[in-house]
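Read the structure below first, then the notes.
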Amino acid sequence: PPPVHRGQRLEFQKQRYGEKATGIPERTSEHTGKYAVACCEVAEHKNVPCLDLFTAMRNADGNTDVDDIGRFFWDGLHFSKAGQKFVYDSLTNCFEAKFPELHVRPCPNTGQFNNSSSACEGIQNSGPYHDEIDSEEWNKAFD
């Protein structure tokens, strides 16, 4: 799990509940940190890779200021555009390091990871390319 930004959670609570806001965050980084440690311990015990977002986000760019993690969230819990990019980059780096055969290589022409010119050596193409499908007899393309 990622950390929780306390200030943003409390602000979100005020915006959402107004005068009924308790001022007590329903999620905290302290509890999330304990859960993150447990997740990493289980992964180590099972001998599987673990992406520790909690630590990675808190230490992003050599950062030690806990409040700086706010850029990763829009409400202290759910990812902002910067947070989504951070998770995406972290996951793709993890896959490239731990499972190089499953890492998707981008299209050499567009740099995109999600088109027919991107490649992944570990996963065979399971269907035809769009230009190989006859719209009148599309089912033949999947035989």
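So is Gln8 of a type outside the set (Lys, Arg), open to solvent by 80 Å² or more (accessible area, probe 1.4 Å), farther than 26 Å from Cys94 by Cα and more than 19 Å from the chain's Cα centre (by Cα) or not? For Gln8, the condition - of a type outside the set (Lys, Arg), open to solvent by 80 Å² or more (accessible area, probe 1.4 Å), farther than 26 Å from Cys94 by Cα and more than 19 Å from the chain's Cα centre (by Cα) - is not met. Entry remark, the range 35-60: residues being in contact (Cβ under 8 Å) with a residue 40 or more places away in the chain and basic (Lys, Arg) number 1 in total. When Leu102 is tested against (1) open to solvent by less than 100 Å² (accessible area, probe 1.4 Å); (2) closer than 22 Å to Tyr35 by Cα; (3) not hydroxyl-bearing (Ser, Thr, Tyr), just one condition goes unmet, and that condition is (2). Among the residues of the range 21-36, just one is of a type in the set (Val, Ile, Thr) and not in a loop (DSSP other than H, G, I, E, B), namely Thr32. Looking at (1) surrounded by 15 or more Cβ atoms within 10 Å (Cβ to Cβ); (2) in contact (Cβ under 8 Å) with a residue 12 or more places away in the chain, which one does Glu26 not meet, given that it meets all the others? With (1) surrounded by 15 or more Cβ atoms within 10 Å (Cβ to Cβ); (2) in contact (Cβ under 8 Å) with a residue 12 or more places away in the chain applied to Glu26, the lone miss is (1). Could you tell me whether the range 37-54 includes any residue that is farther than 25 Å from Leu102 by Cα and part of a helix (DSSP H, G or I)? Yes, some residue in the range 37-54 is farther than 25 Å from Leu102 by Cα and part of a helix (DSSP H, G or I). In the range 118-132, the qualifying residues are those that are part of a loop (DSSP other than H, G, I, E, B) and open to solvent by 60 Å² or more (accessible area, probe 1.4 Å), and the one that is farthest from Tyr88 (Cα to Cα) is Tyr129.
Here Asn125 clears all of (1) within 16 Å of the chain's Cα centre (by Cα); (2) within 30 Å of Phe142 (Cα to Cα) except the condition numbered (1). Taking the range 61-111 only, how many residues are without any contact (Cβ under 8 Å) to a residue 60 or more places away in the chain and among the hydrophobic types (A, V, I, L, M, F, W, C)? The qualifying residues number 10. With respect to the conditions (1) assigned to a loop (DSSP other than H, G, I, E, B); (2) open to solvent by 60 Å² or more (accessible area, probe 1.4 Å); (3) over 17 Å from Tyr88 (Cβ atoms), Asn114 falls short on a single one, namely (3). A count restricted to the range 66-95 and to residues that are buried (at least 17 other Cβ atoms within 10 Å of the Cβ), in a helix (DSSP H, G or I) and among the aromatic types (Phe, Trp, Tyr) stands at 3. Selection of the range 133-142 for residues being modelled with pLDDT of 80 or more and either within 25 Å of the chain's Cα centre (by Cα) or open to solvent by 100 Å² or more (accessible area, probe 1.4 Å) (or both) yields Glu136, Trp138, Lys140.
What residue, among those in the range 29-52 that are small (Gly, Ala, Ser) and touching a Pro at 6+ places or on another chain (Cβ under 9 Å), is surrounded by the fewest Cβ atoms within 10 Å (Cβ to Cβ)? The residue in question is Ala43.
The values are calculated or read from the model by the stated rules, or taken from the named source; none is laboratory data. The structure displayed is predicted, hence computed values, not measured ones. Please note: Cβ atoms are built from the backbone with ideal geometry, for glycine as well, and neighbour counts cover all protein chains shown. All accessible areas refer to the heavy atoms of the entire protein, side chains included, with ligands and DNA or RNA removed. Shrake-Rupley method; radii C 1.70, N 1.55, O 1.52, S 1.80 Å.
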